[in-house]
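Peer 1: Dropping a structure here in structure tokens format, bear with me for questions.
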Amino acid sequence: MIFNQLWKNKNLFISRHSSTLSTIFALATGYQVRSGVAIIRISGSLATQSLLTLTRETKLEKFQPKKLYLTKIYDNKTNDLIDQCMTVWFKGPKSFTGEDVVEFHIHGSKAIASVMFSILSSFPNYRLAEAGEFSKRAYLNGRLDLTEAEGLIDLINAQTEQQRKQSLYQMQGSLKDLYERWRIDLVKSLAHSEAYIDFHEDQHIENDILTGVIQKVQITYDNISLHLQDHRRGEILRDGCRIAILGAPNAGKSSLLNILTQKPTAIVSSIAGTTRDVIESTIDLGGYPVIICDTAGLRITNDPIESEGVSRAFDRANLCDLLIIVIDASTLNMNENLNEQIDQHLSNLFTIKSSSLNSLTKLIILNKIDLVNEKSQMKFSDNIIPISCISNINIQKFLSKLTQTIADKCTEPSFTTPYLTNERHRIYLTQTVEDLKMFLLLINNNRDLVLAVEHLRLAIRSLGTITGVVYTEELLDVIFRDFCIGK
Amino acid sequence: MFQLAKYNLRSFRLSNITTTYVRFSTSNYNSLSESELKSIPIQGVIKQPVNSSIFQPYDVVVVGGGHAGCEAAHAAARMGVRTLLITHKLETIGEMSCNPSFGGIGKGHLMREIDALDGLCARLCDKTGVHYKVLNRSKGRAVWGYRAQIDRKLYKQAMQNEILNTKNLHVMAAAVRDIVIDKEQACITGITLDNHCLIPTQSVIITTGTFLRGCINLGMDEQKPAGRINDQPAIDLAKSIEELGFKMGRLKTGTPARLETKTIDFSKTITHKGDNPPLPFSFLNKHVWIKPDEQLNCHLTMTTSQLADIVRKNAHLSRHVTQDTQGPRYCPSIESKILRFKNQTHPVWLEPEGFDSDLTYPQGLSCTLPIDIQLRMLRTIPSLENVNMVRPGYGVEYDYIDPREVKPSLETKRVTNLFFAGQINGTTGYEEAAAQGIIAGINSACKVLNKPMFTISRGEGYIGVMIDDLTLHGTSEPYRMFTARSEYRLSLRADNADLRLTQSGYDIGCVSEERYNQFQSFKKNYDQAKECLQNLKKPMHVWRHLLTSPPELNPSRDETIKSLYSLVHQAPYMMDNEKWLALVPDDQNVRSMLLSDNELCERLCLDAVYEHLTKRQKNEIDEVKRDESFIIPDSFDYQILQISNEAKQRLEEVRPTTLGSASRIPGITPATIFSLLRALKRQSQTPIFNV
């Protein structure tokens, strides 16, 4: 009788707390995303926030619980389209975890998943779920019974094992050394800041100790930022370089694709607008995995299907690592300033969707060069290659240039700097960098020192999820080693 | 599984007797009505009994009258149970046996939390301090360290006055010989005094500090058993505790020489004045007892290379150093500072011992060298060239109990209703001791009253951080509190200790009505004012126009809607309190409330400063609390779990009391925790939660 009473109270106790827990997200379909569909699951009191924000809806009534909706989802910062996907949400407590749960059934692309992850982790109170956390919440909220829970331990074990394998200590070589160095530097900086806070006044820690800390953190900050700006080299190496072929209709994009894939992958005709949807093909180029997409010719059109094709072309281009722009050489006047004409041509193409593809590397192909007579006078800058798909002119040169460009994307000049290969690492490193930035900002503006140091603590915690947790004892070891503290 | 091995014959016999006695006395209790029991007032000193047969049983017996003992006894008495405090000498109750100060960074936080639970030390320091100074003023409010030099004599008097005039609390001068245990139940039934008298009790709190096999070191030759100079150590008790199988270790600490104040040339030092105005420790007080300019000064001087030479030449004469093979990481004495660090000079604070004391305490000079060398050493320090050493410094070695032997409630895992608190658990410092005392006091009473255990989680207070660290990881050096130990430092501030703890303290019964009423009226105003400021929202450019001085006439449009609350800490808008306060509506008297109550205003601004990060921490704290609500029963068998042997071993070693603490043991994986959770739920025909 009393026990029943207590048991009831206990559930009250838990539900009271679960309402304030952070909202967690993870790929529900496993980390190796090379599938038709990938599901991102979000659970927590703020879960529906992501549904509204990403779909640009204001009212939740638009989505009935437990019903699948086909929607477009957008990046809330850049307003770019991310994907068209199925969404569904479950209202807590009638959900897997007992909390509000949202699922995005996105296309099984690493690129889309990683965009989604970086957007979701920027939401307030959102964080990446730990191994088995969904199941744990489900269990705590009474949504799983014991028999169901049996299998879960194995699952969590597997997930933990997977993360452990991905984690630093399983990693070999330079990446491990690099992260480990950052970790040691930050631990030292934090220990010195903590010593300054706790012992400066009665044990006389020197005043300039903070100056050293700031310098050290600045260096680490610069290094991690640089590491993050690697244009996804490591991941490209692992998942493949994504290339989109863009250009005006009938410029010869599909012909180029067929040359690259060495088979008639796309239908080729002289009719403008033959290709409408994105055609994707995976090839091996000089040892590098490449995913190449042919797209609809870019033009303003009244045909709704073709228009959709143009939109898709741009959307896909945004997700790529490299663009091949195909221009019909016969449309250019070879006697005039060619570079200017090409620039003009590009800007005409891109204004169709007022898209900014400036940040992407571009390789410009002047196709149908066999139709041009004044070959002798032509001078091109390095990233412009005149070819002819039909007459097989310059194809070898194009291929070797393309291979070179991809190789550049995949490797750094110095082979000692390792690449970032793991999306999870990227998220935590990004958080690390953001907190280091806040630390430097606050401390350089002489704001509340504890507040600044709190960001240093958060930074170390994010880094620690990759490199292993930093326990207080480790900090104390540094403090007592570097400073004379006693009675 | 614990052992209750090797009882000596006497205590075995006694324990049998006691069991029957206690049974008898409990039935007596039951036959007495509530009012009859209350009508037997207990308060003040009670004489040591000559024979046990006439003795009244107590609910709680506290052994030791130091900082932990006093807080424990007072807390238990506040909870309304019959409490007895036993100490060697009445006149040493509340003695500050080392430094003449209270508080500091981290330690000050502990004191505010003790005060929030209606404890003694903060309140007493407000009426006995001679020099109040908040440390870390330049580093942010979350790490402000309330600290004061205290008049030893006044403090002791104030403490004795408090202890002797507390309802439900008896005080007895006696030496405790042994604890008496019901062997079957592994449960406390009483204690025996050194004249073999038995005092039956339901629970016992041991707070004997350094007195367990305490041993004083002074040079190499002089080593004598004592807990404090001139006081007897407790050897028998140590033996009994050891016989029960408790894992024990040995720690050392030290205290510096005492100097004659009039032989110090203060002109060669840097003078540090107390704060003006001095800030009180207690939430109950708006002011301290003395005027700002009546405060005594502290003085700073530095050791020289000459002192380093003397120490180096004589290091072989210091017992602490010669024994120091694997010493603690911190420096327990000036010898270790000199030998371990390259820098030749170390700060020495010359601290006053009180208004009518002619002694000065040189903080930073703890020392175990022989007397003649100590004096030579002292006289190399600028300002101490002609100093007269009234008492030499000395080192103390003492037994402590591996704190992993106690639960977060501070009850031992081996013996039911036996509590350990204070230095005996491996801590150092008055504040750390007092903080444990109050928790042990509350919980011993809770046991008697059949209430759930009162524990503070890591997210709720520094007290929780300390006890969690100790009970999970143990300690190999005297454990001292500092803010680096808390992962929720921004949330656990000295200014909000009452908001964190007073309500739960009142709910369990250790907070008086008077304090609770004051707290409630503050909280009501606070909530109202905060809500009002949070609801006052305008676009940013309007705020800029209203708040900047001189007013920004045409601020560029910025339509971001912000609340006044989110701006109250932001320079340059909030430099001028008058200005923004004028914008606060006064329909519910919020403005006049804020204008008249400076403290309220300050605390609101402070909350706003840390708000965006404390909000983030709150989620984590709640997650910790949720996991803490899953209690692992004492008898839980880890062998039934399908987890690695290594994990089993670790869990078996620590025997964590909650799922939360289990998850903080290094090397324990989420899968292990999940297995544990599953097993707990399966067994949960019994309730597994904590309030």
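The values are calculated or read from the model by the stated rules, or taken from the named source; none is laboratory data. Quick caveat: nothing in here was measured; it's all calculated off a predicted structure. A quick note on method: Cβ atoms are made from the backbone with ideal geometry, for glycine too, and the neighbour counts reach across all protein chains shown.
Peer 1: Quick one: in the range B:126-167, which of the residues that are buried (at least 23 other Cβ atoms within 10 Å of the Cβ) and polar (S, T, N, Q) is farthest from A:VAL453 (Cα to Cα)?
Peer 2: So, considering only residues that are buried (at least 23 other Cβ atoms within 10 Å of the Cβ) and polar (S, T, N, Q), the one farthest from A:VAL453 (Cα to Cα) is B:THR128.
Peer 1: Within the range B:249-276, which residues are closer than 29 Å to B:LEU117 by Cβ and either of a type in the set (Phe, Trp, Tyr) or at pLDDT 95 or above (or both)?
Peer 2: Listed by number, the residues that qualify are B:GLY274, B:ASP275.
Peer 1: Of everything in the range B:130-139 that's within 11 Å of another protein chain (Cβ to nearest Cβ) and not hydrophobic (A, V, I, L, M, F, W, C), which residue is farthest from B:LYS273 (Cα to Cα)? Give the derivation first.
Peer 2: Pass one, the range B:130-139, residues within 11 Å of another protein chain (Cβ to nearest Cβ): B:133-139.
Applying the additional criterion that residues be not hydrophobic (A, V, I, L, M, F, W, C) yields B:133, B:136-139.
On the way: B:LYS133: 8, B:ASN136: 15, B:ARG137: 14, B:SER138: 17, B:LYS139: 19 Å.
That would be B:LYS139.
Peer 1: Something else: For B:MET159, only one of the following conditions fails: (1) over 19 Å from the mean Cα position of the chain (by Cα); (2) part of a helix (DSSP H, G or I); (3) at pLDDT 95 or above. What is its number?
Peer 2: If we test B:MET159 against (1) over 19 Å from the mean Cα position of the chain (by Cα); (2) part of a helix (DSSP H, G or I); (3) at pLDDT 95 or above, just (1) comes out false.
Peer 1: Which residue is farthest from the chain's Cα centre (by Cα), if the candidates are limited to the range B:90-129 and must be aliphatic (A, V, I, L, M) and either within 14 Å of another protein chain (Cβ to nearest Cβ) or in a helix (DSSP H, G or I) (or both)?
Peer 2: Only one residue tops the list, namely B:LEU90.
Peer 1: Sticking with this one: Go through the range A:44-63 and give me each residue that's more than 23 Å from the chain's Cα centre (by Cα), surrounded by 12 or more Cβ atoms within 10 Å (Cβ to Cβ) and among the polar types (S, T, N, Q).
Peer 2: The one that is more than 23 Å from the chain's Cα centre (by Cα), surrounded by 12 or more Cβ atoms within 10 Å (Cβ to Cβ) and among the polar types (S, T, N, Q): A:SER45.
Peer 1: Still on this model: Would you say B:LEU375 is within 13 Å of chain A (Cβ to nearest Cβ), surrounded by fewer than 24 Cβ atoms within 10 Å (Cβ to Cβ) and more than 25 Å from B:ALA148 (Cα to Cα)?
Peer 2: No; evaluated as a whole, the condition is false for this residue.
Peer 1: Could you tell me whether any residue of the range B:262-280 is touching a Leu at 6+ places or on another chain (Cβ under 8 Å), closer than 30 Å to B:TRP349 by Cβ and among the aliphatic types (A, V, I, L, M)?
Peer 2: The answer is yes; a qualifying residue exists.
Peer 1: Which of the helices (runs of 4 or more DSSP H) found entirely inside the range A:253-362 contain at least 3 residues meeting this: more than 19 Å from A:ASN392 (Cα to Cα) and more than 30 Å from the chain's Cα centre (by Cα)?
Peer 2: In the range A:253-362, the matching helices (runs of 4 or more DSSP H) lie at A:338-351.
Peer 1: Hey, among the residues in the range A:473-487 that are β-branched (Val, Ile, Thr) and surrounded by 21 or more Cβ atoms within 10 Å (Cβ to Cβ), which one's farthest from the other protein chains (Cβ to nearest Cβ)?
Peer 2: The selected residue is A:ILE479.
Peer 1: Answer yes or no: is there a residue in the range B:429-436 that is at negative phi and surrounded by fewer than 24 Cβ atoms within 10 Å (Cβ to Cβ).
Peer 2: So far as the range B:429-436 goes, no, none of its residues is at negative phi and surrounded by fewer than 24 Cβ atoms within 10 Å (Cβ to Cβ).
Peer 1: Just one of (1) within 22 Å of B:GLY426 (Cβ to Cβ); (2) more than 14 Å from chain A (Cβ to nearest Cβ) trips up B:GLN503, so point out which.
Peer 2: Of everything listed in (1) within 22 Å of B:GLY426 (Cβ to Cβ); (2) more than 14 Å from chain A (Cβ to nearest Cβ), B:GLN503 misses just condition (1).
Peer 1: Another one. Say we look at the range A:449-487 and pick out the residues that are in a loop (DSSP other than H, G, I, E, B) and under 32 Å from the mean Cα position of the chain (by Cα); which of these is farthest from B:ALA484 (Cα to Cα)?
Peer 2: Only one residue fits best here, namely A:GLY468.
Peer 1: Another question, if that's okay. So how many residues does the range B:667-683 have that are within 19 Å of A:GLY132 (Cβ to Cβ) and not in a helix (DSSP H, G or I)?
Peer 2: Count: 3.
Peer 1: Still on this model: Taking only pairs six or more apart or across chains, which ones have beta-carbon atoms under 8 Å, a first residue in the range B:656-683 that is on the phi > 0 side of the Ramachandran plot, and a second residue that is among the hydrophobic types (A, V, I, L, M, F, W, C) and at pLDDT 80 or above?
Peer 2: Filtered contacts from the range B:656-683: B:GLY667/B:ALA647.
Peer 1: What number of residues within the range A:179-203 are farther than 15 Å from B:SER138 by Cα and either in contact with a Gly (Cβ under 6 Å, 6 or more places away or on another chain) or of a type outside the set (A, V, I, L, M, F, W, C) (or both)?
Peer 2: The number of residues fulfilling the criteria is 9.
Peer 1: Here is a follow-up. Take the residues in the range A:109-132 that are closer than 25 Å to A:LEU68 by Cβ and more than 14 Å from the chain's Cα centre (by Cα), then tell me which one is farthest from the other protein chains (Cβ to nearest Cβ).
Peer 2: Within the range A:109-132, the match that is farthest from the other protein chains (Cβ to nearest Cβ) is A:PHE123.
Peer 1: Step by step: first the residues of the range B:254-288, then only those that are within 23 Å of the chain's Cα centre (by Cα) and β-branched (Val, Ile, Thr), then the one that is farthest from B:GLY364 (Cα to Cα). Which residue is that?
Peer 2: It comes out as B:VAL288.
Peer 1: Sort out which residues of the range B:140-156 are within 14 Å of chain A (Cβ to nearest Cβ) and assigned to a helix (DSSP H, G or I), and write them in order of number.
Peer 2: B:ARG141, B:ALA142, B:VAL143
Peer 1: Then there's this: Mind listing just one residue for me: the one in the range B:609-629 that is more than 26 Å from the chain's Cα centre (by Cα) and free of Cβ contacts under 8 Å to residues at least 60 places away in the same chain and, of those, farthest from the other protein chains (Cβ to nearest Cβ)?
Peer 2: B:GLU611
Peer 1: Then there's this: Given (1) at the interface with chain B (Cβ under 8 Å from one of its Cβ atoms); (2) touching a residue at least 60 places away in the same chain (Cβ under 8 Å), identify the lone condition not met by A:VAL470.
Peer 2: Here A:VAL470 meets the rest and fails (1).
Peer 1: Given the options B:ASN535, B:ASN517, B:ASN525, name the one that is touching a strand residue (DSSP E or B) at 6+ places or on another chain (Cβ under 8 Å) and either touching a residue at least 60 places away in the same chain (Cβ under 8 Å) or surrounded by fewer than 18 Cβ atoms within 10 Å (Cβ to Cβ) (or both). Give the derivation first.
Peer 2: Details: B:ASN517 fails: touching a strand residue (DSSP E or B) at 6+ places or on another chain (Cβ under 8 Å); B:ASN525 fails: touching a strand residue (DSSP E or B) at 6+ places or on another chain (Cβ under 8 Å).
The unique qualifying residue is B:ASN535.
Peer 1: If I go through the range A:72-107 residue by residue, how many of them are among the polar types (S, T, N, Q) and crowded, with 19+ Cβ neighbours inside 10 Å?
Peer 2: Total meeting the criteria: 3.
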